[in-house]
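The values are calculated or read from the model by the stated rules, or taken from the named source; none is laboratory data. Not measured: the values here are computed from a predicted model. When we count neighbours, we look across all protein chains shown, and the Cβ atoms used for this are built from the backbone with ideal geometry, even at glycine.
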Amino acid sequence: MLPRVIQQVSQFQKGVSMSSISRATFDEVMVPNYSPMQMVPVKGKGSRVWDSEGREYVDLAGGIAVNALGHCHPEMINALTEQANKLWHMSNVYTNEPALKLAQKLIDNTFAEKVFFANSGGEANEAAFKLARRYASDNFGPEKNEIVAFYKGFHGRTLFTVSVGGQEKYTQGFEPLPGGIKHVEFNNIEALKEVVSDKTCAIVMEPMQGEGGIIVPDNEFIKQARELCDKHNALLVFDEVQSGMGRTGKLYAYMHTGVTPDILSTAKSLGGGFPIGAMLTTEKVAKSFVVGTHGSTYGGNPLGCAVAERVFDIINQPEVLKGVEEKHEYIKQKLLAINEKYNVFSEIRGKGLLMGAALNDSYEGKARDFMNATLENGALVLMAGPSVLRMAPSLLISNEEIDEGLAALEKGVQKVVGQ
Ligand SMILES: *Cc1c(COP(=O)(O)O)cnc(C)c1O
């Protein structure tokens, strides 16, 4: 044990050395579960980002479908600072006004009658899956516990959510996994019919798969999944963590389908960059979460809810949602034009501002190269699996910013193709 004075000095010295942090520091101090880009972003405004060397980028990645209003939107700053001056945290021993206002808005604008708040998508799903089990157990007995989900689905990183997710790489080495979960091929109604039974408590799906490669299923598939649920007294759970909050041009993607889920999870764009998640459901189903059955220390905290409420008001305007669909078309045409020149994509897909450009066979597995080359030329894009470039920009991005971002993408494509 060092004397207290010396401890303080060494703390101070640590503080001084902090001024020399760089990307290399990451490898020294962080658990190596991420491999971030070399550039370190330090500032953002709207759809633009600057790195620690002062380089400017157009952001077509949107923090993985989170920064729905871009960076540092003035209304979000107002909401956050106003609330920061009032009340930060009380715990769920008390309720708070921002949470109640946000819940009311979610209910007024969706199928939902009840809301549970969490801090992330994974937590919203954890609540959704637990509720589905509990509801089945309460109403039909403990034998009805099977969750049917889909390959390539993604629902978060807790043990339950990776287990319901359909990608083995996320469960490997974490066994034993929770049981009672079955997976079938996405968008294959026959496969689904084969496994759904009276033992099924829920079918869990993303109405449009995000991480799995931006895959929009047939509407008929979604309709028949609903019918199967009704036939077997199972709940239909939509994970709209990525597809929700205006991302597809409607408030939630289910609104394109004519199918209503029993439970819906939402996060990512909900907070526009402030961590928050929510689970929406009906009054009937919500009854199975009685006092004490589930909870969260920070879920529904005033700061997150105050920001999300403002984000909600901005996104939930007809002109903003219409803009999302127009920008989809605009981007799609430009990507098709790039493809005319370089022949790299097999398909441009997705809905609204959640778009995937699937690489053709010649470039299979090369999405990372395109992403890196685009970054070098001044724009941020994402991948959705090794062979799909993904874009999930701010819903408020301008056509000029799209032009600039896609010019950088084109240069990136040119570079990879020329190699
Ligand atoms: C991102 C994502 C999640 C996980 O959300 P976290 O906030 O990272 O826990 C869950 N489901 C889908 C569909 C997602 O895209």
In the set A61, A84, the lone residue that is at pLDDT 95 or above and under 20 Å from the mean Cα position of the chain (by Cα) is A61
In segment 201-258, anything crowded, with 24+ Cβ neighbours inside 10 Å, within 13 Å of the ligand (Cβ to nearest atom) and on the phi > 0 side of the Ramachandran plot is listed as I214, M245
Over segment 255-277, the set of residues among the aliphatic types (A, V, I, L, M) and assigned to a loop (DSSP other than H, G, I, E, B) is V259, A267, I276
The one condition T171 fails out of (1) out of contact with any Leu (no Cβ under 8 Å at 6 or more places or on another chain); (2) of a type in the set (S, T, N, Q); (3) within 16 Å of the ligand (Cβ to nearest atom) is (1)
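Here's the yes/no breakdown for (1) touching a His at 6+ places or on another chain (Cβ under 8 Å); (2) crowded, with 24+ Cβ neighbours inside 10 Å; (3) modelled with pLDDT under 95:
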residue: P261; (1), (2), (3): no, yes, no
residue: T282; (1), (2), (3): no, no, no
residue: T293; (1), (2), (3): no, no, no
residue: Y298; (1), (2), (3): yes, no, no
residue: N301; (1), (2), (3): yes, yes, no
residue: Q317; (1), (2), (3): no, no, no
residue: H328; (1), (2), (3): no, no, no
residue: N339; (1), (2), (3): no, no, no
residue: R349; (1), (2), (3): no, no, no
Quiz prompt | Hey, K169 part of a helix (DSSP H, G or I), surrounded by fewer than 21 Cβ atoms within 10 Å (Cβ to Cβ) and in contact with a helix residue (DSSP H, G or I) (Cβ under 9 Å, 6 or more places away or on another chain) or not | solution = no
For segment 104-161, the count of residues that are under 17 Å from C229 (Cβ atoms), under 17 Å from the mean Cα position of the chain (by Cα) and of a type in the set (A, V, I, L, M) equals 1
(request) Evaluate the following for L177: is it part of a loop (DSSP other than H, G, I, E, B), among the aliphatic types (A, V, I, L, M) and more than 12 Å from Y151 (Cβ to Cβ)? (result) yes
Counting only residues in segment 134-163 that are among the β-branched types (V, I, T) and within 14 Å of the ligand (Cβ to nearest atom), the one surrounded by the fewest Cβ atoms within 10 Å (Cβ to Cβ) is identified as T158
